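Below: one structure, written as structure tokens.
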Amino acid sequence: MDVEEMNATEMNRMSENMNRTISKFGDLLERYLRNRGVDQPAYGILIALYTVIIVVGAMGNALVILSVVRKPAMRTPRNMFIVNLAISDMLLCTFTMPLTLMEILTVYFPLGNSELLCKLVGTMQATSTFVSTISIVAIALDRYQVIIYPTRENLQLVGAAIILCVIWTLAVLLSLPLFIYKKITSHHFNFNDTNVVMNYCYENWPPYLDRYVYSIFSFIFQYSLPIIIVSAAYIRILYKLRHRFAAGFVAHDDYKNSRQQVRSRRLQRTNMLLVSISVIFFTSWMPLNLFNLIADTLDIDFTTQSMKIVYAVCHMMGMSSACWNPVLYGWLNDNFWKEFQDIMCIKSNSSNTRARDLDDKRGSSNRKTTGKEQYRRPDLVADFNPGTTGSTEMSLLTKC
């Protein structure tokens with residue numbers, strides 16, 4: 001091969017390399033212009049999964065809110081906590097999840113260069129998450145007070161409203177660092193007479209307060225403390241109910257066997273409900289909190305496609321609580337379930353309803369014969385007696 005042939009071969013090789021480089025840069029530019037951070041098929045799968053969670057969660061929480069709005073009798077102080085949880089979960093479904101999905105699927109911030117909007121997006125996402133978690137804690141503590149200390153003064157609407165204000169205020173304060181340290185930057189460049197503007201919304205933490213510090217802070221107050229409080233409260237409630245159930249049938253051995261079976265089924269249902277609340281809260285929020293904690297501590301790059309997909313899976317598990325909460329706090333609540341049936345025009349199971357009513361009437365009749373003082377609450381019949389079987393306490397968890 002002579003010199004001319006070698007030069008021609010080298011020129012061809014350089015030309016091919018340049019064409020590949022231009023092609024790669026063109027693909028990269030096209031990807032940035034389309035603002036696509038995740039490729040197919042993950043792109044379509046994530047949209048489909050998020051859509052299912054958003055629709056199911058929004059519909060379930062909307063039923064809870066509508067049940068209280070349409071019927072004044074449902075507007076009790078304890079139901080206000082459940083409605084507040086439904087409102088926060090509605091925000092998760094209609095605001096947090098779509099915006100988080102947008103951040104996962106895109107490379108840069110697609111909502112313009114407004115720093116206020118950038119700050120509000122992050123702050124509202126965190127606020128709705130904290131409100132949902134703190135509301136679950138408030139419901140657990142309220143049930144704890146009702147079951148363990150039934151003779152104490154009943155919670156009124158004013159007291160419930162004050163607690164709700166405290167919940168939202170605390171959630172905003174916990175989310176405030178995101179509002180302070182969220183920043184937006186704009187980058188401009190030209191390629192083939194194409195002007196490209198990319199806005200990036202990111203967290204600019206100071207040296208004395210790194211991102212992992214806030215992740216640890218969130219892990220403690222959004223996950224660790226709530227799961228400890230909720231689990232401890234429900235374990236104490238379960239112990240109380242089992243004790244009352246056993247003591248009741250020792251003291252009243254003349255009860256019919258069928259009534260004992262009904263009480264036993266109700267106790268099992270209550271046990272499953274309380275255990276499910278703790279287990280679902282633990283399993284749904286654990287992946288997201290661990291991911292944030294590990295990623296921020298090890299300074300892992302969030303911008304890669306693989307990390308975006310892993311984060312999306314963890315985030316969907318956390319957001320799935322918005323679908324479970326209407327079931328745990330609404331659909332398994334007798335009063336809410338009756339309202340759901342009216343709204344959706346579902347025929348109620350009359351035999352089960354009559355069995356529960358008959359059981360409650362018998363329990364009420366027996367308690368009247370004991371001569372003990374009765375304590376009635378305006379939003380539920382809460383006859384409490386140390387000699388009862390505990391069915392009243394169990395009904396508080398499914399009727400209030």
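We did not get these values from a lab; they are worked out from the coordinates using the rules stated. Quantities reported herein were computed from a predicted structural model and do not represent experimental measurements. Cβ: placed from backbone, ideal geometry, glycine included. Neighbour counts: every protein chain shown.
If you take all C-alpha pairs in the stretch 143-227, what percent of them are over 17 Å apart? List each step's numbers first, then the result.
On the way: 2515 of 3570 pairs.
In whole percent, the share of Cα-Cα pairs in the stretch 143-227 beyond 17 Å is 70.
Please list 298-310, 226-238, 56-68 highest first by mean number of surrounding beta-carbon atoms within 10 Å per residue. Walk me through the numbers on the way to the answer.
Working: 298-310: 12.4, 226-238: 17.9, 56-68: 20.0.
Ranking the peptides 298-310, 226-238, 56-68 by packing returns 56-68, 226-238, 298-310.
Annotation: extensible slack from Met286 through Asn271 equals 3.2 nm (criterion: 0.36 nm per residue apart, minus Cα-Cα distance).
Using the Cβ-Cβ distance between Asp210 and Leu49 with R0 = 30 Å, the FRET efficiency computed as 1/(1 + (r/R0)^6) comes to roughly 0.40.
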